[in-house]
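Engineer: Take a look at the following structure, please.
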Amino acid sequence: MLAGIPLLIIPFILFNIGLAGLFGAGPAGDPWANEILSLNMMSGGVFTLTLGDLLIVVALLLLFVEIVKSTRTSSASVVDHLLSTFVFVAFLVEFLLVRGAAHSVFFTLMVVALIDVLAGFSVSLRSASRDVMFDRE
């Protein structure tokens, strides 16, 4: 049952929780600029991971899982693709209509959701075409 739920709804929900202020306010009121990790590198540079960066990394990992899920050829995969499309539409509507969603992190998450939709349909069509055999006699 949980296999049919698009996993990219998790970053969508997490971003909206951050907009509600549950992750605290970072510099200039931006919760996504909160520094999570700072490492001094051997090169002398400093690597800084922000909450927004972490959310994007989580979304990319979930995108990988979604693409692997799209290789299934069953009727459940059609529902999964439809729900993934709804998640992308929710990202798009929120990006266009909500002031707090006009953020580079949210835009990147929306692009990840679009890639999920496009890759899911592409992989499904490609694998479905391999399942169909035509007799050329």
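Engineer: Return the pair list, or none, for Cβ contacts closer than 6 Å from residues in region 80-106 that are touching a residue at least 24 places away in the same chain (Cβ under 8 Å) and under 24 Å from residue 69 (Cβ atoms) to residues that are part of a helix (DSSP H, G or I) and acidic (Asp, Glu), at least 6 apart or on different chains.
Structural biologist: As it stands, the answer is 84/116, since those pairs meet every condition given.
Engineer: If I go through region 94-112 residue by residue, how many of them are of a type in the set (S, T, N, Q) and touching a helix residue (DSSP H, G or I) at 6+ places or on another chain (Cβ under 7 Å)?
Structural biologist: The total comes to 1.
Engineer: Out of region 41-56, which residues are over 16 Å from residue 13 (Cβ atoms) and surrounded by 11 or more Cβ atoms within 10 Å (Cβ to Cβ)?
Structural biologist: If the condition is that a residue be over 16 Å from residue 13 (Cβ atoms) and surrounded by 11 or more Cβ atoms within 10 Å (Cβ to Cβ), then 48, 49, 50, 53 are the ones that fit.
Engineer: Please pick out the residue among 105, 98, 68 that is over 18 Å from the mean Cα position of the chain (by Cα) and among the β-branched types (Val, Ile, Thr).
Structural biologist: Going through 105, 98, 68 in turn, the sole match is 98.
Engineer: Are there any pairs with C-beta distances below 6 angstrom linking a residue in region 8-26 that is in contact (Cβ under 8 Å) with a residue 12 or more places away in the chain and within 18 Å of residue 84 (Cβ to Cβ) to a residue that is surrounded by 17 or more Cβ atoms within 10 Å (Cβ to Cβ) and of a type in the set (D, E, K, R), with the two at least 6 apart or on different chains, and if so which?
Structural biologist: 8/116
The numbers here are math on the coordinates, done by the rules we state, and not lab data. As the structure is a prediction and not an experimental result, all values here were calculated from the model. Here Cβ is always computed from backbone atoms with ideal geometry, including for glycine, and neighbour counts include all displayed protein chains.
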